[in-house]
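Worksheet: one structure, shown below.
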Amino acid sequence: MIDLSDPLAVLSLTAVISGVGVLITGFEWIAIHKEYRNPGLYSWEVRRIRGGFALTGFGRELCERLYQYPNVLILPVLQILGACIIFLSWKNRVPMSIGCGIAGIGCIAFSLRGSSGYTGADQFLKINLVAVALALASESASLWWIALIFIVCQLLVAYTTPGILRLGRRSWYDGTALRRILRQRTYGAYWIWILVARWPIVAKVLSVSIVLFECGFLLSILLPHPVLEIFLICGLVFHAFNAIVMGLNTFFWAFVGAYPAVLSVGSIVERMLY
């Protein structure tokens, strides 16, 4: 168990968990490296048009050199390198900051090449990595706490926003929206589709549970610590389900990576309220 009152330890744990997601993403991009060749779907000839680049001078020349195959493979390698540095730098402030910075730069530069394949989880990872890198670049514990609070606020917004949007959609109360998602080849699995098609009540219960969980996350920071832990375990199950059934593997590491910050900030709120 880590000391939740130690912001360096909490930021380190956040970075390590997020680093797993970065590592997976890096290897996934390398696994499809042939798609970066012309005229592949992820080739620079295609991405240049999709990205709407209008750079001139040095910026244009840099993009032309960096984003062409095989040079572009440097970016997922940077992600993997940054993740490895993170894993080897537990509670070691400077190397941890460098590792997060390298991984963050690799992720950001790669996403600028084109938006395809980058989801909310990837954006969440980039923001977390940059926040940790900037915070640990300083020796100020106050700045470390500010970074933790920022990560918590970002997580609250990320959960609550889709939850509130789904509140006004009847399809999320009767389960039809979830059934439509699960019947897709991209985000579904045959066995779970058969389950919800045969027993619609399962889809209805799951849909309502998702909406309640996402909307309720806004108030989670106010919960007593034992209740907060149970609530976050529900989040773990939710993201594990998404990873197994829908293939959203990086969502697990991106969002769960912020859970230590929630526990840490939540412990402070608990002492203030109870």
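Just so you know, all these numbers are worked out from the coordinates, no wet-lab data involved. Bear in mind that the values here come from a model prediction, so they are computed numbers and not experimental data. Counting neighbours? That spans all protein chains shown, and the Cβs are built from the backbone with ideal geometry, glycine included.
Here are a few candidate values for percent of Cα pairs over 31 Å apart: [x] 24; [y] 35; [z] 46. Which one was actually calculated from the structure I just gave you? Derived directly from the coordinates: [y]. Mean sequence separation of contacting Cα pairs (under 8 Å, at least six apart), scaled by the length of the chain, corresponds to a relative contact order of 24 percent. Each of W144, P95, L134 was placed along the dipole of the stretch 57-166 (beta-carbon charges, centred on the mean Cα), and the one lying farthest toward the positive end is W144.
Peptides 235-241, 19-25 ordered by packing proxy, namely the average of other Cβ atoms within 10 Å per residue, highest first: 19-25, 235-241.
Expressed as a rounded percentage, what relative contact order does the stretch 218-266 have, with Cα pairs under 8 Å and six or more residues apart?
Computed value for the stretch 218-266: 45 percent relative contact order.
Other residues within the sphere of radius under 15 Å centred on the Cβ of I201, judged by their own Cβ, net out at +2 (K and R +1, D and E -1). Straight-line cross-link partners of K126 among the aspartates and glutamates, defined as a Cα under 18 Å from its Cα and at least 8 positions apart when in the same chain: E28.
Taking the average, over residues, of other Cβ atoms within 10 Å as the packing measure, peptides 84-97, 166-179 rank 84-97, 166-179 from highest down.
Scanning the chain for DSSP H helices at least 27 Å long along the axis (C-alpha atoms) with a Kyte-Doolittle mean no lower than -1.0 picks out 7-31, 93-112, 141-167, 200-220, 225-245.
Using alpha carbons only, how many angstrom separate the centre of the stretch 126-163 from the centre of the stretch 8-28? Taking the Cα centre of the stretch 8-28 as reference, the centre of the stretch 126-163 is 14 Å away.
Can you show me the helix-derived [θ] at 222 nm for the chain, built from DSSP H runs with n ≥ 4 at -39,500 (n - 2.57) apiece and divided by the number of residues, rounded to the nearest 500. Show your work: numbers first, answer last.
On the way: 13 runs with 202 residues, N = 274.
Taking each H run of at least 4 residues, the total per residue is -24500 deg cm²/dmol.
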